[in-house]
1. At 1.4 Å probe size, with no ligands or nucleic acids counted, give the accessible surface of LEU31 in Å², nearest ten.
2. If you keep only loop residues by DSSP, which trypsin sites (Lys or Arg not before Pro) in the range 1-77 have at most 12 other Cβ atoms within 10 Å of their Cβ?
3. Report the FRET efficiency, 1/(1 + (r/R0)^6), for SER209 and ASN322, where r is their Cβ-Cβ distance and R0 is 25 Å, rounded to 0.05.
4. Leaving out ligands and nucleic acids, note down the accessible area per residue over the range 1-109 with a 1.4 angstrom probe, in whole Å².
5. Hey, any idea what Rg/Rh is for the range 103-177, computing Rh the Kirkwood way over Cα pairs?
6. Calculate the radius of gyration of the Cα atoms of the range 31-129 to one decimal place, then report Dmax, the largest Cα-Cα distance, as a whole number, both in Å.
7. Once the cut-off is 14 Å, how many percent of the Cα-Cα pairs in the range 272-320 end up in the long-distance tail?
8. Suppose the chain between ASN15 and PHE274 were pulled fully straight at 0.36 nm per residue; how much longer would it get relative to their current alpha carbon spacing?
Amino acid sequence: GDVMVEELLKGFQPNSRANLHHITHLLSSLLNCIPDVVLQVIGSNKQNVDLFFSSIIDNLDNGSVLDFFVSLVLAENCVEGNVRIKFNGLLSEWKLLLKLQQKIIKPQTSDELAASVSDALSYLVPALTSDPYGSTLLMPLGESTIIDSLIECGTTVSSSLGKRVACMRVLINIVGMDRLRYLDSVQDNINNMADVLPIIHKQLQKNFSKIRDSICRENDPCSDPKRSEYSSTFSYWRFLLVTLIVEMHTIGEYHILVDKFDSYLWKKLTEVFFQNSEGNMYHGLVCRLFFFAIRSNNEKVQKQIFIHSKFLDKAINFYWINPKASYCGS
């Protein structure tokens with residue numbers, strides 16, 4: 001079985017002409033039938049891990065390869081615990097999550113591949129959070145490199161739209177794992193992100209100005225000029241930036257981030273709120289930030305909302321002008 005696995009894995013090499021769909025179908029079947037053998041072949045040494053995983057990651061824009069990659073990392077059917085521990089140990093030394101992050105921001109990476117790598121990370125992080133063997137693989141998230149690089153790429157004008165969106169999606173998914181902190185009080189539940197998330201939050205707070213500046217750009221460089229008369233102010237990318245800020249405002253920590261808001265940010269959030277009547281999801285995000293600010297009991301922030309940005313005045317005026325507007329329900 002090990003010879004067959006090794007030969008099939010060569011199909012991911014750049015000089016191979018193998019059909020990736022057939023290769024991954026056969027490897028997935030072997031991973032289900034003899035998972036320990038597959039893990040032992042790939043994880044026999046550091047050279048094999050680098051060789052095979054690098055070539056697999058280069059082909060993640062193929063849907064079949066993406067599914068196999070996720071199944072391989074999680075190895076849910078592995079029988080021998082020692083095999084999984086050794087396999088994850090080598091992946092941890094190789095810094096799998098860091099390699100995936102580097103693939104997203106690499107200039108040569110296509111938008112399609114960046115999106116697929118983002119999908120892989122967005123699925124692996126939650127799965128590894130509750131995996132008994134997943135803690136070692138999540139350790140690189142505690143280093144500043146991953147978070148800083150994702151924010152830099154996700155907020156830089158020179159980055160393509162696909163890469164910006166991919167970076168934001170990964171960050172939102174990682175920060176969203178904070179909800180699992182409530183598992184700490186439940187017996188037998190595993191939360192491998194408990195020690196890492198506070199570090200991630202500090203890194204995000206350190207980079208808050210970059211997120212703020214991206215939201216406050218006069219014109220959204222990622223918007224679709226054909227979409228609507230307001231398209232220059234709004235896009236899916238800007239929506240993700242606001243979503244990230246909302247996710248950063250976790251229960252009991254309103255005061256930490258709301259205090260970093262300024263009048264210009266609230267004015268921009270309010271401006272886009274009333275310019276995009278069809279953006280119910282965005283409206284919901286802004287209203288959550290609005291209530292975060294109210295609950296913070298921060299007088300400076302509340303003045304920015306009610307006096308400087310005139311949020312309530314505008315909401316009332318818009319309601320009287322057009323009671324049927326979708327944002328009036330917010």
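The values are calculated or read from the model by the stated rules, or taken from the named source; none is laboratory data. Just so it is clear, the structure is predicted and the values come from calculations on it, not from any experiment. Here the Cβ positions follow ideal geometry from the backbone for every residue, glycine too, while neighbour counts run over all protein chains shown. Surface accessibility is based on the protein's heavy atoms, side chains included, excluding ligands, DNA and RNA. Shrake-Rupley method; radii C 1.70, N 1.55, O 1.52, S 1.80 Å.
1. In the full protein context, LEU31 sits at about 10 Å².
2. Numbers: sites: LYS10, ARG17, LYS46; in loops: ARG17.
The qualifying sites are ARG17.
3. FRET efficiency, SER209 to ASN322: 0.10.
4. Roughly 49 Å² per residue, with all protein chains present.
5. Details: Rg = 12.3 Å, Rh = 12.6 Å.
Result for the range 103-177 is an Rg/Rh of 0.98.
6. 13.1, 40
7. On the way: 661 of 1176 pairs.
Above the 14 Å cut-off, the range 272-320 has 56 percent of its Cα pairs.
8. Working: separation 259, 0.36 × 259 = 93.24 nm, distance 5.35 nm.
Stretched fully, the ASN15-PHE274 segment lengthens by 87.9 nm.
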